[in-house]
Amino acid sequence: MSDEEAAELAALTAAVAEARADNRGIPHSEVRAWLLEIAAGNFDVPHPVPR
C-alpha cells in the first residue's frame, strides 16, 4: 500500500468513526457524486454534509 493510499484509508476511517460517533450519516449517492467530482479533478467541490 502506498503512502497516498494509506493516508486516504486513514481519512476515510476517521470520517466514518466521526459520523458514527455523532450518529449522523451522508447518503451514498451524495458521497458517490462527490467522489466522482474529485476523481474528475474538481478539487474545489464542497464535501457532502452529514445530517
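The values are calculated or read from the model by the stated rules, or taken from the named source; none is laboratory data. Since this is a predicted model, take the numbers as computed values, not measurements. Counting neighbours? That spans all protein chains shown, and the Cβs are built from the backbone with ideal geometry, glycine included. Areas reflect the complete protein model, heavy atoms only, side chains present, ligands, DNA and RNA absent. Shrake-Rupley method; radii C 1.70, N 1.55, O 1.52, S 1.80 Å.
Does any residue of region 35-42 turn out to be open to solvent by 80 Å² or more (accessible area, probe 1.4 Å) and among the polar types (S, T, N, Q)?
Just the residues of region 35-42 that are open to solvent by 80 Å² or more (accessible area, probe 1.4 Å), to begin with: 35-36, 39-40.
If we keep only those that are among the polar types (S, T, N, Q) too, we end up with none.
Within region 35-42 (the criterion being open to solvent by 80 Å² or more (accessible area, probe 1.4 Å) and among the polar types (S, T, N, Q)), the answer is no, since none of the residues qualifies.
Out of (1) modelled with pLDDT of 90 or more; (2) outside any helix (DSSP H, G or I); (3) open to solvent by 60 Å² or more (accessible area, probe 1.4 Å), what's the single condition that is false for Pro48?
Only one criterion in (1) modelled with pLDDT of 90 or more; (2) outside any helix (DSSP H, G or I); (3) open to solvent by 60 Å² or more (accessible area, probe 1.4 Å) is unmet by Pro48, namely (3).
Restricting region 1-34 to residues that are modelled with pLDDT of 90 or more, closer than 17 Å to Arg51 by Cβ and small (Gly, Ala, Ser), which is most open to solvent (accessible area, probe 1.4 Å)?
Per the criteria, the residue is Ser29.
Does region 13-27 hold any residues that are part of a helix (DSSP H, G or I) and closer than 16 Å to Pro46 by Cα, and which are they?
Ala15
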